[in-house]
1. As an exercise, use a Förster radius of 35 Å and the Cβ-Cβ distance of Ala341 and Ser421 to find the FRET efficiency, rounded to the nearest 0.05.
2. How much of the DSSP beta bridge set in the chain is antiparallel, as a percent to the nearest 5?
3. Taking the alpha-carbon centroid of each part, what is the distance from the stretch 446-497 to the stretch 349-383 in angstrom?
4. With a ≥ b ≥ c the root eigenvalues of the C-alpha gyration tensor of the stretch 160-219, is it rounded (a/c under 1.5), prolate (a/b larger than b/c) or oblate?
5. Quick one: helix 167-181 against the long Cα principal axis of the chain, what's the angle to the nearest 10°, folded into 0 to 90?
6. Between rounded, prolate and oblate, where does the stretch 9-53 land on the alpha carbon gyration tensor, with a ≥ b ≥ c its root eigenvalues, rounded for a/c under 1.5, else prolate if a/b exceeds b/c?
7. Angle between the Cα long axis of helix 356-367 and the longest principal axis of the chain, 0 to 90 degrees, nearest 10?
8. At 1.4 Å probe size, with every protein chain present, just tell me what the per residue accessible area of the chain comes to in Å².
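The values are calculated or read from the model by the stated rules, or taken from the named source; none is laboratory data. For clarity, every value in this text was computed on a predicted model and none was experimentally measured. Please note: Cβ atoms are built from the backbone with ideal geometry, for glycine as well, and neighbour counts cover all protein chains shown. When the accessible area is computed, the model is the full protein with side chains, heavy atoms only, and any ligands, DNA or RNA have been set aside. Shrake-Rupley method; radii C 1.70, N 1.55, O 1.52, S 1.80 Å.
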Amino acid sequence: MGLARSGSARLSLATLRDVPARMRPGYDPGAVGVGIVHLGLGAFARAHAAVYTDDVLAAHGGDWGLCGVSQRSRTVSDQLRPQDGLYSVLERSPEGTAARVIGSVREVLLAGDAPDLLAARIADPRTRIVSLTVTEKGYRHDPATGRLRRADPELAADAEGRAPRTVLGQLAAGLDARRAVGAPITVLCCDNVPRNGWLLRRLLTEFAERRDARTGGHLAGWVDSEVTFPSTMVDRIVPASQPADRDEAAGLLGVTDAGTVVAEPFRQWVVEDSFAAGRPAWHDAGAILTDDVSAYEVLKLRLLNGAHSALAYLGALAGHEFIWQAVADPALNAVVRRLMAEDAAPTAASPDGVAADRYRELVLERFANPALGHRTAQVAMDGSQKLPQRLLDTARERLAAGAEPVWVCLAVAAWMRYVVSQGPDLDDPMAAQLAAAVGGADEPEAVVRALLGVEDVFGTDLAASAVFRDRVTDWLAQLHTRGAAETVRAAAGAGSP
Ligand code: CS2
């Protein structure tokens, strides 16, 4: 792990007193019981929901500790278990780094190791919320239709009764055990997918019906009457942690911390207030509890995440390793501003009190934070799962309004160029399907036709839009012949291309 201060004690409940008092949790983590099972204990969850809950525990106490569940790799459980679930968040801004130890994660499980224990945790009446950050691809659905991928072999095996390896399988097994206890519960999706609560209810119901058909059970009906699925909008930029971050954490804390995560100072959480068995007082930690999350969600997914993806693909193609470098590029900055103002903003009604242009400036300031070290390659991952809600829905609405989504088309063309240029190294759950669709095609027209034909991503309508298809093709041709940097420079210089 290359910890800076070898020989230093490691963060744990026993060594917490060695950490400067202002950096410690404002309560005794060891005394907190589990009230939330969180699926997907990645860096984002640890720097977002777990932090809000840590604030609530400091302010109000209560048994809202998290049982954090890693899905695949052993890394997080190896980092956190020897530390009694404790870890630090390094908040990075151009002014410096502030560290705090988070105590809200009270247990760490690896899903594959303990499927029965996980189901028992979800069934336990003391568990009142199951929350999730498993990324867009974790739901195994078709982003274009919002339906389960019927042919997914992992889902099929879980529905056939195997010890669950998929998120939906784990949820179904746990909720079915809870049905025997009869205690209502809330499932809280915290991923960047549109109408995430509604979508997760639909996907889980679809899966439960398949499972019921095999078992003769009544899980789908129970989920319908006893489980709530509030929607959320989640926002904080959290780059993947690097060895140097762990060294800095050791320097600041005075103990070593294998599980430290890095984040920007900004954080936002908007939550639909629909909880079947109670919830922590997250509003006292700055979260917005509301009846309707939709305006916040659409604004964030289309302006922030849409611009982020555009910067990631154009930035990577232009040779920028980090997002802050891409947004500091005057031509790229100009192009992304136009995408946000001319294509995305007209499709996103601002929530009360939020001015779209002020929101845009704040987002660009956050992207420009050089202390974060957020890689374009990280944001560029899983494009097939991200493009629909970040860019394609914007394009659809602009086209329906009779407008040409010029800048969204540039971002889509950049994604296509990125897909082809990455070849077998493309980090995307649909990499094989995208490569097969492109085949040996190289001409822009052929590449656009091939990728627009991938209905799981583009549906059927966009391929049929000559306006969309021709503009994407024109941009891809420019990226081919002039390269990304020159294409963007020319576009930024031109009034309207
Ligand atoms: C990013 C998001 O990696 C990505 O796809 O766009 O993780 C982004 O940083 C967050 O949604 C910000 O809240």
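1. In this case the efficiency is close to 0.75.
2. Approximately 35 percent, going by the DSSP bridge assignments.
3. 23
4. Judged from the Cα gyration tensor, the stretch 160-219 comes out prolate (a/c at least 1.5, a/b above b/c).
5. The angle comes out at about 40 degrees.
6. Prolate, since a/c reaches 1.5 and a/b exceeds b/c.
7. Orientation of helix 356-367: about 70 degrees from the principal axis.
8. 37
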